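One structure below.
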Amino acid sequence: MLKQRVITALILAPLVIWGILELPQSWFALLLAVVVMGGFWEWSAFVSPVKMVRYLYLLGGGAVLALLQFMASPEVLGALPWVGGAWLLLASLLVIRYPKVSPLWQNSAPLKAIVGLLILVPMWVSVIAIQRHIGAEFVLLLMLMIWGADTGAYFAGHRWGRNKLAPAVSPGKSWEGVIGGLVAAVAVALVSTIWLVAPVEIWLFGVIAFLVAAVSVMGDLIESLFKRITGIKDSGNILPGHGGVLDRIDSLTTAAPIFYLALTVLA
């Protein structure tokens, strides 16, 4: 599995970096929309096993993205990262309180459909806003911090993992892995200041990186929670060694809105 993960990452990473830094804004938004559509399709399995319902959900998700791209006002677009931040708070409570409160909502297809929108749409808007208003290099930095956090958590968890983070939701994750991920993400952010001009003081930039890495863990846990309540082991298998689209962007769904808000509020 590790070999497959490495090979897939070596192929995808250069393409992602090229797309972030070289694509025009409109093409980047379109490419990211394609990725989000893949996320909608995989999330539709959490909503319903019926193929027609899944196709309708995919169509509805695409319609939302199109409306936001071509018709939404700047005020609406500016509010969506805040919506993503608010959802993160609620979702954290769902993870912490699982399974005590899950019977209240886990069998509601409409609620799960709305959750998919709350997860994917603010992320899409936030990443585009970072590229357009802060700089494409900060989108790349966001990805590097997430990759660093994932890699640090993977190796630290395998080497030292003893204390489970959320055993009812994701038994494989440990506090030691989280600490390893946080250290790696902050190191990536601080090293990046050699080439990037941080929009805030260096110490505050490190705090932002710490926060981004911390919430990225919650993105992973949120997806694991919905896998567990629906009995789905993997959201997809399109990426060898990495699973599906959701498995690759789950951390980004929570990290992107927080990173954008932190940079714009604190800068």
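Observations, loosely collected:
- Note, ³J(HN,Hα) from phi for region 40-52, Karplus 6.51, -1.76, 1.60, rounded to Hz, x at Gly and Pro: 4, 4, 5, 5, 4, 5, 6, 6, 6, x, 6, 4, 4
- Ranked packing of 112-119, 74-81, most packed first, by mean Cβ within 10 Å: 112-119, 74-81
- In this Cβ point-charge picture (+1 for Lys and Arg, -1 for Asp and Glu), region 2-266 has a dipole of about 880 debye about its Cα centre.
- Residue order, fewest to most beta carbons within 10 Å, for THR253, THR230: THR230, THR253
- Here the relative contact order of the chain, from alpha carbon pairs under 8 Å that lie six or more residues apart, stands at 24 percent.
- For GLU176, GLU22, the sequence from fewest to most other C-beta atoms within 10 Å is GLU22, GLU176.
- Contour excess over end-to-end distance, with Cα ends at LEU104 and LEU190 and 0.36 nm allotted per residue: 26.7 nm
- Each residue of region 194-211 was assigned a 3J(HN,Hα) from its phi angle through the Karplus curve 6.51 cos²θ - 1.76 cosθ + 1.60 (θ = phi - 60°); the sequence is 5, 9, 9, 8, 5, x, 9, 4, 4, 5, 6, 4, x, 5, 4, 4, 4, 5 Hz, with glycine and proline shown as x.
- Taking other C-beta atoms within 10 angstrom as a stand-in for reagent exposure, LEU32, LEU144 fall in the order LEU144, LEU32, fewest first.
- Distance (nanometres) between label positions extended 7 Å along Cα→Cβ at LEU204 and GLU22: 3.5 nm
- A DSSP coil position with no more than 14 other Cβ atoms inside 10 Å describes the following trypsin sites (Lys or Arg not before Pro) in region 158-204: ARG162.
Bear in mind these aren't lab numbers, they're just calculated from the coordinates by the rules spelled out. Worth saying up front: this structure is predicted, and the values here are computed from it rather than measured. Methodologically, a virtual Cβ is constructed for each residue, glycine included, from the backbone with ideal geometry; neighbour enumeration extends over all protein chains shown.
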